[in-house]
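Participant: Once you've had a glance at the structure underneath, I'll fire off some questions.
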Amino acid sequence: MPTTDSRDLGLLALRLGVGATLVAHGTQKLFGWFGGHGLAGTAGFFESIGFTPGRANALLAGAGEAGGGSLLALGLATPAAGAAVAGTMAVAASMHKDNGFFAQDGGLEYPAVLALTAGAIALSGPGRLSLDAAFGHRANRHWMRAVGLASVPVAVALVTRRRRTALAVIAAGTSPTSSTETTSSELPLETNPTG
């Protein structure tokens, strides 16, 4: 039986830290925990910035963060978890790109680092101190890594393209959906629940 080494301990620490951070952000969106706005508030904000329908996009973002973060922390289904987080955070980074790179200026630094970290964990594997290792890597095959990571840029392109279309419709003065969700006026614009 292989022994645990410093690489495994490092991957465990990385997975736990990043995974817990993502779970916290996801539960802010989904349940309003940790000072978040919950699903209704996040949906209203998302709708106001072109992620329509807001509720579905808020649910997907929250699930990508909380679900993907949980799986990363556990080291379970690591390729799928890493891809879900990388995609979710790449979309979040795209929202911040106009503010430059640095987080203190509202830039893309923070979500980009989370996306890159999740992708790197998916690529490297979770290490021996993981549920994937305990279950014989049934949900952590090399082909799963390739498929998961190859799907990220495609999914990000589709989501960001749809957002650009919705923003164009909003700029033209018409509603991109006939949603009855929380409106952006119910959530202060300076509040950014995308975390």
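Here, each number is a calculation from the coordinates, and none is a lab measurement. Just so it is clear, the structure is predicted and the values come from calculations on it, not from any experiment. Neighbour counts run over all protein chains shown; Cβ positions are idealised from the backbone, glycine included.
Participant: Work from the charge dipole of the chain (Cβ charges, +1 for Lys and Arg, -1 for Asp and Glu, about the Cα centre) and give the residue of Ala115, Gly127, Ala56 farthest towards its positive end.
Facilitator: Gly127
Participant: Charges at C-beta only: +1 for Lys and Arg, -1 for Asp and Glu. How large is the resulting dipole of the chain about its Cα centre, in Debye rounded to 20?
Facilitator: Values: 13 positive and 11 negative charges, 128 e Å.
Charge dipole of the chain: 620 debye, to the nearest 20.
Participant: Between [x] 20.1; [y] 13.0; [z] 11.4, which matches mean projected area of the Cα convex hull in nm² calculated for the structure shown?
Facilitator: Step by step, mean projected area of the Cα convex hull in nm² for this structure corresponds to label [z].
Participant: In nm, what is the difference between 0.36 nm times the number of residues separating Ala63 and Val169 and their Cα-Cα distance? Please list the in-between numbers first.
Facilitator: Values: separation 106, 0.36 × 106 = 38.16 nm, distance 2.69 nm.
Working it through step by step, the gained length comes to 35.5 nm.
Participant: Which is the longest run of the chain containing none of the trypsin sites (Lys or Arg not before Pro) found in DSSP loop states (not H, G, I, E, B) with at most 16 other C-beta atoms within 10 Å?
Facilitator: On the way: sites that count: Arg138, Arg141.
With trypsin sites (Lys or Arg not before Pro) excluded where exposed in loops, the chain gives 1-137 as its longest stretch.
Participant: Another question about this same structure. Which of Ile170, Leu30, Ala146 sits closest to the plus end of the dipole of the stretch 14-186, meaning its Cα is farthest towards the positive end, when Lys and Arg get +1 and Asp and Glu get -1 on the C-beta?
Facilitator: The one lying farthest along the dipole's positive direction is Ala146.
Participant: How long is the gain from Ala157 to Arg141 if the chain were fully straight, where each residue apart is worth 0.36 nm and the alpha carbon distance is subtracted?
Facilitator: Working: separation 16, 0.36 × 16 = 5.76 nm, distance 2.54 nm.
Length gained, Ala157 through Arg141: 3.2 nm.
Participant: Oh, and also: Applying a 10 Å radius around every beta-carbon, put 99-109, 116-126 in order of their mean neighbour count, most first.
Facilitator: On the way: 99-109: 14.2, 116-126: 20.7.
Ranked from most to least packed, the peptides come out as 116-126, 99-109.
Participant: Hey, another quick one. Post the alpha-carbon centroid distance, the stretch 64-86 to the stretch 8-56, in whole angstrom.
Facilitator: 13 Å
Participant: Shifting gears a bit: Kindly write out, for the stretch 26-31 in residue order, the coupling ³J(HN,Hα) from the Karplus curve 6.51 cos²θ - 1.76 cosθ + 1.60 (θ = phi - 60°), rounded to whole Hz, with x marking Gly and Pro.
Facilitator: x, 6, 4, 5, 7, 10
Participant: Turning to a different aspect of this structure: From the Cα gyration tensor of the stretch 17-113, with a ≥ b ≥ c the square roots of its eigenvalues, which class applies: rounded if a/c is under 1.5, or else prolate if a/b is larger than b/c, or else oblate? List each step's numbers first, then the result.
Facilitator: Values: a/c = 1.63, a/b = 1.16, b/c = 1.40.
Taking the square roots of the gyration eigenvalues as a ≥ b ≥ c, the stretch 17-113 is oblate.
Participant: Quick one: net charge around Thr160, please, counting Lys, Arg +1 and Asp, Glu -1 for every other residue with C-beta under 15 Å from its C-beta. Don't skip to the answer; put the middle values down first.
Facilitator: Values: positive: Lys97, Arg161, Arg162, Arg163, Arg164; negative: Asp98.
Local charge sum for Thr160: +4.
Participant: To continue, here is another question. Relative contact order of the chain, please, whole-number percent, based on alpha carbon pairs below 8 angstrom and at least 6 residues apart. Intermediate results must be reported in sequence, preceding the final value.
Facilitator: On the way: 329 pairs, mean separation 52.1, N = 195.
With pairs under 8 Å counted, the relative contact order is 27 percent.
Participant: What 222 nm value per residue comes from the helices of the chain, counting each DSSP H run with n ≥ 4 as -39,500 (n - 2.57) and dividing by all residues, nearest 500 deg cm²/dmol?
Facilitator: Working: 7 runs with 127 residues, N = 195.
When only DSSP H runs of four or more count, the value is -22000 deg cm²/dmol.
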